[in-house]
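Below you'll find the structure, written out as structure tokens, and then a few comments.
The values are calculated or read from the model by the stated rules, or taken from the named source; none is laboratory data. Remember, it's a predicted structure, so these values are computed and weren't measured experimentally. Cβ placement follows ideal geometry from the backbone for every residue including glycine, while neighbour counts extend to all protein chains displayed. Heads up: the accessible areas ignore ligands, DNA and RNA and are worked out on the full protein's heavy atoms, side chains in. Shrake-Rupley method; radii C 1.70, N 1.55, O 1.52, S 1.80 Å.
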Amino acid sequence: MNSLYASHLTSLIAFYQRTLERFQLDYIIIASGKKSYYFQDDNALPFKPNAYAQQWLPFDLDPDTFIIISNESKPTLIWPLKEDFWHAPHTLPQGEWSDLWTIKQTSVQTDWMQKVTGKCVWIGQEVKGLSDKCSQNEDILHWLNYHRAYKTDYEIDLLKQANIRALAGHNAAHQAFLNGKSELEIYLDYLQASQQTSYQEPYSGIVALNKNAAVLHYEHKRPHVPDHFNTLLIDAGAKINGYGSDITRTFTTDENVFNDLLISMDSIQQTLANKAIHGVDYRDLHLTCLTEIANLLQESQICSLPADEQIAKGITQTFFPHGLGHLLGLQVHDVGGHQVSPEGDILKPQSNAPYLRLTRTLESNMVITIEPGLYFIPMLLEKMLSTVPQHGCDMSLIKSLLPFGGIRIEDNVLVKDNMSVNLTRHS
């Protein structure tokens, strides 16, 4: 048996039983979810299980699965039995993990519901037959969301594995870029090397060539081969038992200014990753990032103003408009990033970082992303020109950099007491 999983399950049971006591409950029932369909279509949307259900089991969950937590020593798994000749058999995965569970396989979903008595809360999509027995409770969700930021050794190990798988894809994508392939071909090479389908990705991978690298969430994979290969920005991850990596790399054929910027940004990114330790306010780390990027803009003669004036005027944010990173785990942008107490108190980002997804003070066993960027986005540059007098930017130099799009470098980082562990570079 995987000892990491056994330890993870033991700690999860203990935590949920404390939750039962805290909220004076007899049961917490978690639904994996159900299939949903496109409008007026019998074709189902890709299924993604409720993260709170997936956290409990060492395999990818299917629809209509339920987990029941009570004061019993073992949690209960309700596993649906389906007679279906249209799809692959819905069989329960085999393994010693099952010794730690009470498992009830049933073809009639309502049977087990009739036996639910006492005070209970359910988590997930509304389930017919449960709404009159159990309630939803926002206070419990706040409590669970806050604590999900802290990862067990089992969860950290899965995130390491997800990094290893994704990095194989990134290496293949880099080679495809050097071989002159299209965005679509690069993406297909990424999927093959990372041993996954697009359906299995934790998020739809971004493969952006040249000026497309300036689009933060570029969604296309164009099949045509461009005339020139200036830049590849690939933002793509992989998923193991529900836990996903989130990695970005930027590659270039340039040997001049843009390449120098890329080398400097990689150094900035690693410095920031090393600073992500217990006790650091993530908002301060983002401000450090803004300062480092402003210094780079000045050193590269893109902007002549000193860092503090750039930040005050919003110039640095023109070139780096998003946040430094976010919590990572069962969701790519994991829950609780703005939640600073188990009771649900929210700390919104400051005005100089409106898109920052993490405002908490870092604590040991959080897993976060560190993803500084430097982009040449025409829309934001035009806004700067029209609203910021004496911006100090060399627009001729910037114009020469527009065909490269931009730079983003992203690693997945484990926070520890006196150090950080870069899961991407050290997996």
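Here are some notes:
- Of the listed requirements (1) in contact (Cβ under 8 Å) with a residue 60 or more places away in the chain; (2) under 25 Å from V257 (Cα atoms), G323 misses just one: (1).
- Selection of segment 161-210 for residues being open to solvent by 30 Å² or more (accessible area, probe 1.4 Å), outside any loop (DSSP other than H, G, I, E, B) and among the hydroxyl-bearing types (S, T, Y) yields S198, Y199.
- Condition check for G392: buried (at least 24 other Cβ atoms within 10 Å of the Cβ), over 21 Å from the mean Cα position of the chain (by Cα) and within 30 Å of V257 (Cα to Cα): no
- Out of L57, L61, L25, sole residue that is hydrophobic (A, V, I, L, M, F, W, C), part of a loop (DSSP other than H, G, I, E, B) and touching a Cys at 6+ places or on another chain (Cβ under 8 Å): L25
- Residue among T387, T369 that alone is farther than 30 Å from H147 by Cβ and β-branched (V, I, T): T387
- Within segment 354-371, residues that are free of Cβ contacts under 8 Å to residues at least 60 places away in the same chain sit with their Cβ atoms under 8 Å from residues that are open to solvent by 20 Å² or more (accessible area, probe 1.4 Å) and not polar (S, T, N, Q), at 6+ positions apart or across chains, in these pairs: Y355/P321; Y355/H322; Y355/P349; R357/H333; R357/H338.
- Unique residue being open to solvent by less than 10 Å² (accessible area, probe 1.4 Å), part of a loop (DSSP other than H, G, I, E, B), of a type in the set (A, V, I, L, M) and modelled with pLDDT of 95 or more when the list is L356, L401: L356
- Residue that is surrounded by the most Cβ atoms within 10 Å (Cβ to Cβ), among those in segment 404-427 that are hydrophobic (A, V, I, L, M, F, W, C) and within 22 Å of N163 (Cβ to Cβ): I407
- For segment 78-110, filtered to residues that are exposed (fewer than 10 other Cβ atoms within 10 Å of the Cβ) and among the small types (G, A, S), the residue that is farthest from A44 (Cα to Cα) is S107.
A quick yes/no check of all residues on (1) touching a helix residue (DSSP H, G or I) at 6+ places or on another chain (Cβ under 7 Å); (2) of a type in the set (A, V, I, L, M); (3) surrounded by fewer than 17 Cβ atoms within 10 Å (Cβ to Cβ):
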| residue | (1), (2), (3) |
| --- | --- |
| Q317 | no, no, no |
| G325 | no, no, no |
| V332 | no, yes, no |
| V335 | yes, yes, no |
| Q350 | yes, no, yes |
| V367 | yes, yes, no |
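- All positions within segment 335-353 that are modelled with pLDDT of 95 or more, assigned to a loop (DSSP other than H, G, I, E, B) and polar (S, T, N, Q): S341
- Criterion: over 23 Å from L100 (Cα atoms), surrounded by 14 or more Cβ atoms within 10 Å (Cβ to Cβ), without any contact (Cβ under 8 Å) to a residue 40 or more places away in the chain and among the basic types (K, R) - qualifying residue of K35, K48: K48
- Any hit, segment 377-388, residues being open to solvent by 60 Å² or more (accessible area, probe 1.4 Å), closer than 14 Å to Y282 by Cα, of a type outside the set (K, R) and not in a strand (DSSP E or B): no
Residue-wise test of (1) within 20 Å of the chain's Cα centre (by Cα); (2) exposed (fewer than 14 other Cβ atoms within 10 Å of the Cβ); (3) of a type outside the set (S, T, N, Q).
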{"residue": "W112", "(1), (2), (3)": "no, no, yes"}
{"residue": "T117", "(1), (2), (3)": "no, yes, no"}
{"residue": "K133", "(1), (2), (3)": "no, no, yes"}
{"residue": "N137", "(1), (2), (3)": "no, no, no"}
{"residue": "L141", "(1), (2), (3)": "yes, no, yes"}
{"residue": "I156", "(1), (2), (3)": "yes, no, yes"}
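- Meets criteria (of a type in the set (A, V, I, L, M), open to solvent by 30 Å² or more (accessible area, probe 1.4 Å) and either assigned to a helix (DSSP H, G or I) or touching a Lys or Arg at 6+ places or on another chain (Cβ under 7 Å) (or both)) for I293: no
- Selection within segment 213-261 - in contact with a Phe, Trp or Tyr (Cβ under 8 Å, 6 or more places away or on another chain), within 23 Å of R425 (Cβ to Cβ) and in a helix (DSSP H, G or I): A213, F258
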